[in-house]
Amino acid sequence: MTKIAVAKGDGIGPEIMEAVLSIFKAAKLPLEFEFVEMGKWVFDKGYSNGMTPEAQQTIEAVGILFKGPMETPKGKGVKSVNVTARKTWNTYANKRVFQTLHGVDTVFSKAGIIVDLTIVRENIEDTYGGIEHMLTPDVSLSRRFITRPGSMQVIKYAFEMARRKGTKRITCGHKANIMKLTDGLFLDTFYEVAKEYPELKADDVIVDDLCMKLVTRPDLFDVVVLTNLQGDIVSDLCAGLVGGLGFAPSANIGDHISIFEAVHGTAPDIAGKNIANPTALLLSGMAMLRHLGLMKSAVMIENALLYTLEQGIHTGDFGDKSKPALNTTEFTEAITSNFGQKPKNNPRPDLPDAPITPTIFKLKQNPMFSSPDGKWRIMGADFFIESDEQPNIVAEKALKHTLNLFKLVTVSNRGTQVWPKGSKFTNLVDLYCCRFESLEEASVTQTDILELYKRMSADFIICSTELLNEFGDKKGFSLAQGQ
Ligand code: NAI
């Protein structure tokens, strides 16, 4: 028996989890469920990460969490338990499969266009660190981390999955034309990994263009890999292509711990009524069974689900309105009664069971990725300072502090250069960036920067600083617009 940690979740969570577990029990799966406490009422009990210490212990011991949707209490300053779980356990790849389901009408199914695409979304980094600061009363800042090891993990996973699936095309969605260092790093990593998979057609599309293409010709895409926030938005768009959130499963894959859950939330508007659609959670359960190697059972249950949908059997949120909607329990029973049936359209092919993936790992310390030491030089610093004065006044004051080590190269406001050149039409906020670079491209030390900091603080509130780094001959900073 393989142990699985199960968290029922909030809102419709307990109802749809009960439905899916009853299907698993009817299929006599070799799984043992350990129920853990996570979600809203755990926050209410005072656990600020939304899970009890016992839940954390169990999940780390068994390596698999099957969870219902969970609510993050609003206005209490606590972070989403869903995001905490993904980040704490490094489930770096969020895989979402979107397929046309016969019986679930969409504009594409009516036009005879079959959708079968997989979105792999980076799951740990990006703006989801939630690292935010108010730099002045008017200016907020969110830090967006994109790292090489983080990108490498998820992109390698996407390529491996595409190879296993026999996919032809793998596409990177990005905005590297604007975010040259962050999305640029993600895109470079994509093409670096692509070299190891010559049989796959690897290409890239700017994310806005990708959205347009997905809603016009979704059948042209196979596997799409994206950074976290862009992946979040694009994958909900894809849920819409196949019938909505009720049909969108999700697997959060890590090296040690993996989490399986539906994409949708707790649906408070229908909670407790026994009318929720359990399909998305059931499809997430199928992904979990496949992850564990239980292919035969996954195929059997999925075929029963597809057959049921094909018969026009539906819950209230989708399907042919001329046929009565079933409640959650009736819909679930319809699926179990169809065990052994196969749909006419796209039955899932029979597969042998794979060896059960081991899920129990013991780590002595946190895994750490680091690059070998290269040439790393500090070439200057950006000082983000508060001021409601005009750019020439800011520059005049800053110029007093350059010592004989630095030059003031540019003053910018929200990323647009306003000194030495600029336009009177550029709107200003009370946060400027003064960029100091070392004279004659010599490198400087952190102590030099501290001296500059001390001097600048005589004239300004310094809200934030960033070092201007150079790695080998590669500059580690972007230019201001117009610089
Ligand atoms: P939601 O997904 O819960 O609901 C959006 C709409 O879809 C509602 O009208 C709801 O009734 C419907 N819906 C969702 N799932 C359904 C299902 N299985 N069957 C039938 N109808 C369904 O999104 P909303 O309202 O924005 O969020 C509600 C709560 O869920 C929030 O507290 C949010 O933080 C949480 N949430 C949790 C997630 C997770 O645990 N992974 C993901 C998204 C939201």
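The values are calculated or read from the model by the stated rules, or taken from the named source; none is laboratory data. None of these values were measured; they are calculated from a predicted model. Glycine gets a Cβ as well: all are built from the backbone with ideal geometry, and neighbour counts include every protein chain shown. Ligands, DNA and RNA are stripped out before the accessible areas are found, and what is left, the full protein with its side chains, is counted by its heavy atoms. Shrake-Rupley method; radii C 1.70, N 1.55, O 1.52, S 1.80 Å.
A few comments on the model shown:
- Exposed GluC sites (Glu not before Pro) absent: longest stretch of the chain, with sites in DSSP loops and at most 14 other Cβ within 10 Å deemed exposed: 1-195
- About the centre of its Cα atoms, region 376-475 shows a dipole size close to 180 debye [charges on the beta carbon of Lys, Arg (+1) and Asp, Glu (-1) only; nearest 20 debye].
- Note on TYR197 and ASP236: the model spin-label points, each 7 Å out from Cα along the C-beta direction, lie 2.7 nm apart.
- For region 28-78, the fraction of 1.4 Å probe accessible surface lying on carbon and sulfur atoms is 49 percent.
- Using a probe of 1.4 Å on the protein chains alone, the accessible area found for TRP89 is around 20 Å².
- Distance in nm between pseudo-label sites at TRP376 and LYS474 (7 Å out along the Cβ direction from Cα): 1.4 nm
- Summarising the label geometry, the points placed 7 Å from Cα in the beta-carbon direction at GLU333 and PHE145 lie 5.1 nm from one another.
- Lysines whose Cα lies under 18 Å from that of LYS74, excluding same-chain neighbours fewer than 8 positions away: LYS40, LYS45
- The magnitude of the dipole of the chain, with charges of +1 and -1 set on the Cβ of Lys/Arg and Asp/Glu and taken from the Cα centre, is near 680 debye.
- Tensor-based shape of the chain (alpha-carbon gyration tensor, a/c under 1.5 rounded, otherwise prolate or oblate): prolate
- Coil-residue trypsin sites (Lys or Arg not before Pro) of region 148-224, DSSP, other Cβ within 10 Å capped at 11: LYS168, LYS195
- Computed [θ] at 222 nm, deg cm²/dmol, the chain (DSSP H ≥ 4; -39,500 (n - 2.57); rounded to nearest 500): -10000 deg cm²/dmol
- Efficiency of FRET from Cβ geometry, GLU451 and ARG164, R₀ 45 Å, rounded to 0.05: 0.20
- For PHE361, the solvent-accessible surface with a 1.4 Å probe is about 80 Å², rounded to the nearest 10.
- Remark: relative contact order (region 45-111) = 28 percent; criterion is Cα-Cα distance under 8 angstrom and separation of 6 or more residues.
- Taking amide H as placed 1.01 Å from N in the peptide plane, the amide H of ALA202 sits under 5 Å from that of ILE170, each at least 5 places away or on another chain.
- Antiparallel beta bridges, as assigned by DSSP with both residues in the chain, represent about 65 percent of the total such bridges.
- Entry note, region 376-475: relative contact order of 48 percent, from Cα contacts under 8 Å with a spacing of 6+ residues.
- Taking 0.36 nm per residue of separation and subtracting the Cα-Cα distance, full extension of the segment from LYS407 to SER423 would add 3.6 nm.
- Average accessible surface area per residue within the chain, 1.4 Å rolling probe, Å²: 49 Å²
- Under the shape rule built on the C-alpha gyration tensor, where the axes satisfy a ≥ b ≥ c, region 414-483 is oblate, since a/c reaches at least 1.5 while a/b does not exceed b/c.
- Given +1 at the Cβ of Lys and Arg, -1 at the Cβ of Asp and Glu and no other charges, the dipole of region 276-355 around its Cα centre is 160 debye to the nearest 20.
- If R0 is taken as 25 Å, the Cβ-Cβ distance between HIS133 and THR88 corresponds to a FRET efficiency of 0.65.
- Across the accessible surface of region 376-475, with the other protein chains kept in place and a 1.4 Å probe, carbon and sulfur atoms take up 52 percent.
- With every protein chain in place, region 127-284: carbon and sulfur % of accessible area (1.4 Å): 59 percent
- Gap separating the Cα centres of region 9-50 and region 64-87, nearest whole Å: 13 Å
- Using a cut-off of 26 Å between Cα atoms, the listed pairs LYS175/LYS407; LYS165/LYS195; LYS180/LYS201; LYS79/LYS213; LYS3/LYS156 include LYS175/LYS407; LYS79/LYS213; LYS3/LYS156 as exceeding that distance.
- Positive-end ranking of HIS133, GLY231, ALA111 along the dipole of the chain, with charges on Cβ about the Cα centre, is headed by ALA111.
- Shape category assigned to region 158-210 from the gyration tensor of Cα positions, a/c cut at 1.5: prolate
- Reducing region 103-172 and region 272-333 to their Cα centroids gives an inter-centroid distance of 26 Å.
- Each part gets one Cα centre, and for region 238-267 versus region 179-214 those centres are 23 Å apart.
- Stretchable slack from PHE35 to ILE206, in nm (0.36 nm times residue separation minus alpha-carbon distance): 57.3 nm
- For the chain: relative contact order, % (alpha-carbon pairs under 8 angstrom, 6 or more apart): 15 percent
- Estimated at 0.36 nm per residue, the fully extended path between ASP219 and ALA111 surpasses their Cα-Cα distance by 37.7 nm.
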